[in-house]
Amino acid sequence: MLRKGFLFLAISIAIWGCSSKSIEIEGNLKGLADTKAYLNRISEGAPLAIDTVDVKDGKFIFTIDKIDAQLLVVFFEGQKVPLVFFGGDKDISATGEFEKLDDVKVTGSESTALFAKFNNEMPGKVRTVEIKNDFMKAQMSGDQATMNSLREEMGSIFEEQKTYFNKFVETNTNNAVGAFMTLNVAGEYDTTKLKELIAKFETALGEHVYVNELKKLLEPMEKHELAMQAVAVGKPAPEFTLKSSNGADVSLSSFKGKYVLVDFWASWCAPCRQENPNVVKAYAMFNKKGFEVVSVSTDREEEKWLQAVEQDKMTWTQVRDLDGSVSQSYAIQVIPTTFLLDKDGVIIAKDLRGDDLINKLEELMK
């Protein structure tokens, strides 16, 4: 008798354990033809497949493991518009008309209601669409005055939206919707502010998927900020060794004792190619007086790199940053970017173009 009771209890626990680990996402959308439904979650800005089921008479059911509260997207085969909502650790029901997905009623997800509220109350939501259409009309008719006016209005709306967005995040650091929104604009924050927000989300959400993604975003931002500090005017230029166009190892420190222009560029970069003649001119004027150039290419294709070097008559040292590590250490985000170093390898100026470079070199070599 004891064994039977124990067996019954064990089976009951097993059944209860299995059922508690899964949730159902049920849909009933009038007007949706028989097709397939694909459930995805948004991971690092891209959809990641979770499950696929058949749709019959507008109805479908996903049975999946419980997940953190996060944005879910259901794509329907043969249809362009998806169903978007926040899922989590509870059963969810979505009912309504397929032609009006924005009005579909989602139950079992408080986060979906908050997400909808955020979108519905966004300042200038309707006006933004109107401005886009009006701008296209003005552009086609060549109405510059109207185009300028619309740009100005759009700028004002953008500032309102930015304020609204920041306020929403600040007041929702205790939920997944706030964390998701922060992920979408993480690049707009400095590292100090982002760290502060992550700490708040972590306190409320623990090891939530969005908290971990925010931490992952923070790491390269911190590295970039440190790199920016390392290449400030007055700092010693970070050392590097790269392969030259003839296959030799070239170290930046080997140019100490000369003024050096470190020039980050690429063959495909039009502004870089436009600036090259100015560097050629400066090199011809000052090379014999102790001026050197080290061009650091970010090209991936060797043939195009070497062809551009020959076409632009770049007769100085050419190296290539194939893995991007040197560009990262110099906090390069756009090219061309240049650094002028003194004879001790200290950065004394950045991004000198055309006559500004020549004037600076004349001042240094009086």
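Between 345, 150, 245, the Cα set farthest toward the positive side of the dipole of the chain (charges on each charged residue's Cβ, about the Cα centre) is that of 345.
Restricting to bridges with both residues inside the chain, how much of the DSSP beta-bridge set is antiparallel, in percent to the nearest 5? Before the final figure, lay out each step's value.
Values: 43 of 60 bridges.
If we restrict to bridges inside the chain, about 70 percent are antiparallel.
For segment 138-245, what class follows from the C-alpha gyration tensor (a ≥ b ≥ c being the square roots of its eigenvalues): rounded when a/c is under 1.5, otherwise prolate if a/b is larger than b/c, else oblate? Since a/c reaches 1.5 but b/c is at least a/b, the shape of segment 138-245 is classed as oblate.
Values (i) 22.2; (ii) 20.6; (iii) 25.9 are given for comparison; Kirkwood radius over Cα pairs in Å, derived from the coordinates here, is the one labelled (iii).
Taking 7 Å steps out from each Cα toward its Cβ at residue 170 and residue 44 produces label points 3.2 nm apart. You can think of it this way: the chain between residue 33 and residue 97 has 21.9 nm of extra reach, that is 0.36 nm per residue less the Cα-Cα gap.
From the alpha carbon centroid of segment 164-228 to that of segment 297-328 is 37 Å. Could you work out how far helix 110-120 tilts from the main Cα principal axis of the chain, as a 0 to 90 degree angle to the nearest 10? Between the helix axis and the principal axis of the chain, the angle is about 50 degrees.
Label positions at residue 254 and residue 65, each projected 7 Å from the Cα along the C-beta direction, are separated by 5.4 nm. Between the helical axis of 270-286 and the longest alpha-carbon principal axis of the chain there is an angle of about 30 degrees. If a paramagnetic tag sat 7 Å from the Cα of residue 241 along the Cα-Cβ line, which residues of segment 247-290 would have the backbone N under 14 Å from that point? Taking a point 7 Å out along Cα→Cβ of residue 241, the residues of segment 247-290 whose backbone N falls under 14 Å are 248-255.
If the segment from residue 350 to residue 156 were pulled out straight at 0.36 nm per residue, it would be longer than the present Cα-Cα gap by 66.6 nm.
Each residue, residue 113 and residue 24, gets one label point 7 Å from its Cα in the Cβ direction; the gap between the two is 2.2 nm.
Averaging the Cα positions of each part gives two centres, and for segment 236-251 and segment 71-141 these lie 52 Å apart.
Quick check: the angle from helix 355-364's long axis to the longest principal axis of the chain, C-alpha only, nearest 10 degrees? Orientation of helix 355-364: about 60 degrees from the principal axis. Once you have a ≥ b ≥ c as the square roots of the Cα gyration tensor eigenvalues for segment 21-120, tell me rounded if a/c is under 1.5, and otherwise prolate or oblate according to whether a/b is larger than b/c. Since a/c stays below 1.5, the shape of segment 21-120 is classed as rounded. A straight chain from residue 128 to residue 233 at 0.36 nm per residue would run longer than the Cα-Cα distance by 33.6 nm.
Rule-based calculations on the coordinates, nothing more; no lab input. Because the structure is predicted, anything quoted here is derived from the model rather than measured. Virtual Cβ from ideal backbone geometry, glycine too; neighbours counted across all protein chains shown.
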